[in-house]
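Here it is, the structure in full.
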Amino acid sequence: MADITNVQAVAFCNERVRVAANKFAALYWWCKEVSEDWTAQGVGALIPNDASVLIDGSATDGRSVITGADVNALADRVGEFVALLEANSNTKLNQICKVATYQG
């Protein structure tokens, strides 16, 4: 098997592929931390999974108002992302980390 030396291919991998892997790795480690904090702090019990509005100043500062259901849905997506990368003995996470230069 021949080495890949094409200048365009090498540049694309250095500038796009490794950057994408770094972003995936950083997102994984951040999601892992958030998920662990959610569980450790018992935040799920504090935020009902309903239309209750989170009073965080967003109504007056331009951010969109979010509900408890919005927060819980995002917490679910965070957990799903972590689970996806950790499935099958971290197969997908290992693929990303092999390419990434960022290791959390």
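Taken together, the values in this text are just the output of simple stated rules run on the coordinates, not laboratory data. Bear in mind that the values here come from a model prediction, so they are computed numbers and not experimental data. Glycine also receives a Cβ, built like all others from the backbone with ideal geometry; neighbour counts cover every protein chain displayed.
Please compute the net charge surrounding residue 21, taking Lys and Arg as +1 and Asp and Glu as -1 over other residues with Cβ under 15 Å from its Cβ.
Residues close to residue 21 contribute a combined charge of +4.
Given the DSSP H assignment, sum -39500 (n - 2.57) over each helix run of at least 4 residues in the chain and divide by its residue total; what's the result at 222 nm in deg cm²/dmol, nearest 500?
-21000 deg cm²/dmol
If you fit an axis through the alpha-carbon atoms of helix 68-99 and take the longest principal axis of the Cα set of the chain, what angle between them do you get, 0 to 90°, nearest 10?
20 degrees
While we're on this one: Computed from the coordinates I sent, log10 I(q)/I(0) by the Debye sum over Cα atoms at q = 0.12, 0.15, 0.16, 0.22 Å⁻¹ equals one of (1) -0.35, -0.57, -0.65, -1.30; (2) -0.59, -0.78, -0.84, -1.11; (3) -0.50, -0.70, -0.77, -1.19. Tell me the label.
Checking each listed value against the structure points to (2).
Further, regarding this structure: Around residue 30, under 14 Å between beta carbons, what's the net of Lys plus Arg minus Asp minus Glu among the other residues?
0
Would you mind counting up the charge near residue 93? Only other residues with Cβ under 12 Å from its Cβ, with Lys and Arg at +1 and Asp and Glu at -1.
Local net charge: +2.
If amide H atoms are built 1.01 Å from N in the plane of the peptide, which residues on other chains or at least 5 residues away come under 5 Å of the amide H of residue 66?
The list, which skips near neighbours in sequence, is 54.
How far is helix 18-40 tilted, in degrees, relative to the longest principal axis of the Cα atoms in the chain, given as a value from 0 to 90 rounded to the nearest 10?
For helix 18-40, the angle is close to 30 degrees.
Distance between the C-alpha centers of the stretch 65-104 and the stretch 20-39? Whole Å please.
So the two Cα centres are separated by 6 Å.
Go through 47, 93, 65 and say which Cα lies farthest out towards the positive end of the charge dipole of the chain; charges sit on Cβ, +1 for Lys and Arg, -1 for Asp and Glu.
Farthest along the dipole direction, towards plus: 93.
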